[in-house]
Amino acid sequence: MNAAAISNSRDVEARFTSGVYGKREVTIVRGAGALVWDDAGKEYVDCTSGYGCANVGHAHPAVQAAIAGQAATLLSCQEAFYNDRRAELLQVLSSIVPAGLDRFFLSNSGAESNEAALKFARLATGRTGIVSTQRGFHGRTMGALSATWEPAYRQPFEPLLPNVRHVPFDRLQAMDQAMDETVGAVILEVVQGEGGVRPATPGYVPAVASLCRERGAMLIVDEVQTGFGRTGRMFACEHEGVVPDLLCMAKSMGGGVPIGAVAIGPRVQGLRPGTHGSTFGGNPLACAASIAAIGVLRDEQLAQRAAVVGQAMLERLRRLQAPGIREVRGVGLLIGIELRDRVRPLLTTLQEHGVLALPAGTTTLRLLPPLVIGDAQVERVLNVLEQVLTAWRPGRTEATHG
């Protein structure tokens, strides 16, 4: 494609897009595994995974085949009717979630899953209070946004849901003090993703689960980013054997196709026809893609691979002698490098070196590679990071391009 066509493609999107997204100067047109290519043919190692949607990689053959087969069979079937593909997915989900979660509401995204969970918790408890955590991110729709902490996201849309409290993450005493008789739900991430890649201290999430049981509140664990093998287990709550009342999932659940779900435990009662709904939730196409993606995760043992590869990457990054690094955090292939300056200039430099990465807040570099990433691609990413980070000095307006 010539330069004029490239420019025109970007100009057209810039002209007609909503304006709510900051754009990078690259047009991605193709992907395979952990690699993507732009419209000029340049190759990148994708350490964004579409914000974590591509755990099984881009264009996995099994997911391709499932989508094509289902598209030729049946695309839409609302949940007013039974459907064979939906039934198959529900059975698969029941086999991978923590024991005791045996009912599911199917949605289209993580925000929708969190919205549904908040409604279900209110219905089950009759209480309107919600406790969330500082730096937590749960989505941008009105209920999910109410539980999200970042003031810049919240303030333009206030007033949001009333009776929502944000307490410091990983501080059990603060959670204890916030959980009075008005609280119907606690929502949290086991590893905060958008909030800087911050894993909870061992013991914190089990203790919060105990508080919820003692005080009659529902525990909602948001696994939208951490689910489906990302942290080295199918779900991050499994690291400490926590079984929440409501487990929210999406992103990589569909291998790249939009789908989400809420897994529902026995304490959540009162769900009857009309309680909630979704036109596209549980559609056969998304269900077929999800069945295939979960099959890939199991057959290729990608959660186990994430644990091994992620640990090796963390160890090497922690050995890196770079003045701009404050701390390296993470679990599995969810890795954050906290910097001593703003992260965005580094994202541009990494992109120029053929590595796509994400921010997590203003100063943390986030790596979310597909779990299928090959050893040579891991080495390539680490070499680029070492080159860029050792050359970079905090306080510069741009990263060194060296």
Exercise for review: Could you tell me whether the stretch 109-120 includes any residue that is surrounded by fewer than 22 Cβ atoms within 10 Å (Cβ to Cβ), assigned to a helix (DSSP H, G or I) and at pLDDT 95 or above?
Suggested key: yes
Point to revise | Inter-residue pairs, beta-carbon under 6 Å, first farther than 19 Å from G227 by Cα and in contact (Cβ under 8 Å) with a residue 12 or more places away in the chain and in the stretch 126-152, second open to solvent by 10 Å² or more (accessible area, probe 1.4 Å) and of a type in the set (K, R), 6+ apart | key: V131/R165; W149/R135
Practice item. Please specify each residue of the stretch 171-200 satisfying the condition of being closer than 22 Å to R230 by Cβ and more than 19 Å from the chain's Cα centre (by Cα). Key: none
Revision key, fill the gap. The stretch 124-226: strands (runs of 3 or more DSSP E) wholly inside it with 1 or more residues that are open to solvent by less than 10 Å² (accessible area, probe 1.4 Å) are 129-133, 183-188, 218-222
Revision key, fill the gap. Exactly one of G354, G361, G282, G270 is at positive phi and out of contact with any strand residue (DSSP E or B) (no Cβ under 9 Å at 6 or more places or on another chain), and that one is G270
Revision key, fill the gap. Only one of R85, R24, R15, R103 is open to solvent by 60 Å² or more (accessible area, probe 1.4 Å) and without any contact (Cβ under 8 Å) to a residue 60 or more places away in the chain, namely R15
Point to revise | A80 vs. criteria of a type outside the set (S, T, N, Q), open to solvent by 50 Å² or more (accessible area, probe 1.4 Å) and touching a residue at least 12 places away in the same chain (Cβ under 8 Å) | key: no
Check your understanding: Which fully enclosed helices (runs of 4 or more DSSP H) of the stretch 241-353 have 2 or more residues being among the β-branched types (V, I, T) and open to solvent by less than 20 Å² (accessible area, probe 1.4 Å)?
Key -> 284-299
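Yes or no: R233 open to solvent by 20 Å² or more (accessible area, probe 1.4 Å) and assigned to a loop (DSSP other than H, G, I, E, B)? Full working, then the answer.
Numbers: open to solvent by 20 Å² or more (accessible area, probe 1.4 Å): yes; assigned to a loop (DSSP other than H, G, I, E, B): yes.
Criteria met by R233.
The values are calculated or read from the model by the stated rules, or taken from the named source; none is laboratory data. Keep in mind the model is a prediction, meaning the values are calculated, not measured. As a convention, Cβ positions derive from the backbone with ideal geometry for all residues, glycine included, and neighbour counts pool all protein chains shown. Ligands, DNA and RNA are excluded from the accessible area calculation, which covers all protein heavy atoms including side chains. Shrake-Rupley method; radii C 1.70, N 1.55, O 1.52, S 1.80 Å.
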